[in-house]
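What follows is a set of notes on a single structure, which appears directly below.
Each reported figure results from applying straightforward, stated rules to the coordinates on display, with no laboratory input. Source: prediction; values computed, not measured. Here Cβ is always computed from backbone atoms with ideal geometry, including for glycine, and neighbour counts include all displayed protein chains.
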Amino acid sequence: MKKYLILGTVLVLLGVLGAKVWYAKSACGNKSVPGELSEWLVNSDMNIFEVGDKSFYVQEAIGSQGIEMLYPRLLKGDFLLTFNLMSLTAEADIRICFLKENDEYETEMKFSSGVNKLKFYRNKMLLLEKDVAQIEPDIFYNFQLQRKGNVMSFEVDKEEFLKMETSDLPVKIRLSVSGHPDNPAAVEIMDWEVQN
């Protein structure tokens with residue numbers, strides 16, 4: 001009887017240890033759950049947000065300066081950042097910034113019913129402006145930012161909008177969304193994942 005009790009205890013301990021290892025590996029997986037995104041809000045008191053099972057909803061509060069989310073990890077070497085985003089307002093500006101040491105690179109796209117332009121800045125100076133496919137509200141779009149070797153690329157729904165040579169410095173990612181004074185922005189985000 002004592003032998004079975006010891007064997008049972010060992011099996012329970014092995015099960016607990018296996019679960020902890022599985023959990024640790026899952027936690028190291030780079031797909032973020034919706035609840036994590038609320039922790040990335042820079043001014044959470046100036047935004048209205050709701051965490052769902054699969055998505056994260058956030059809206060500008062009246063008088064806010066927009067929605068700003070700062071991804072907490074530094075991205076080093078090669079990486080692939082992907083997420084799906086849908087604007088729930090007819091007009092909104094989305095900016096994806098990647099900051100490297102003293103430089104800030106920023107892509108700006110507009111959700112609108114008119115012609116969409118992509119603008120690309122370095123330290124607030126416009127480097128590129130071009131017409132791109134229209135991005136409409138109420139549709140999920142897949143955004144992808146990738147660095148492979150010394151090349152950084154930016155895609156929306158598998159269409160490449162931007163490709164540039166860059167250094168291998170660690171990168172900080174910031175996502176900003178802003179609406180208009182009479183029409184605050186609201187977006188839904190899901191499937192935020194980083195592979196590196």
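Between Glu101 and Gln65, what's the calculated FRET efficiency when r is the beta-carbon distance and R0 is 41 Å? Round to 0.05.
0.95
Among Trp40, Trp192, rank each residue by its count of other Cβ atoms within 10 Å, from fewest to most, as a rough exposure measure.
Arranged by neighbour count, lowest to highest, Trp40, Trp192 become Trp40, Trp192.
Please work out how much length the chain gains when fully extended from Ser38 to Glu160, using 0.36 nm per residue of separation minus the C-alpha to C-alpha distance, in nm with one decimal.
Full extension of this stretch gives 41.0 nm more.
For Gly63, what is the net charge nearby, where nearby means another residue's Cβ is under 14 Å from its Cβ and Lys, Arg count +1, Asp, Glu -1?
Once all neighbours under 14 Å are counted, the net charge is -3.
Could you tell me how far the Cα centroid of segment 133-196 sits from the Cα centroid of segment 76-94, in Å?
Centre-to-centre (Cα) distance: 4 Å.
Take the Cα of Arg122, step 7 Å along the line toward its Cβ, and report every residue of segment 158-175 whose backbone nitrogen sits under 20 Å from that point.
Residues 161-174 fall inside that zone.
Checking the table Lys54/Lys119; Lys54/Lys163; Lys31/Lys172; Lys54/Lys76; Lys31/Lys158 against a 25 Å threshold on Cα-Cα, which pairs fail?
Long pairs (Cα-Cα over 25 Å): Lys54/Lys119; Lys54/Lys163; Lys54/Lys76.
Which part of segment 177-193 falls in the paramagnetic zone of Phe49, meaning amide N under 17 Å from the point 7 Å along Cα-to-beta-carbon?
Once the point is set 7 Å along Cα→Cβ of Phe49, 177-179, 185-193 turn out to lie under 17 Å by backbone N, inside segment 177-193.
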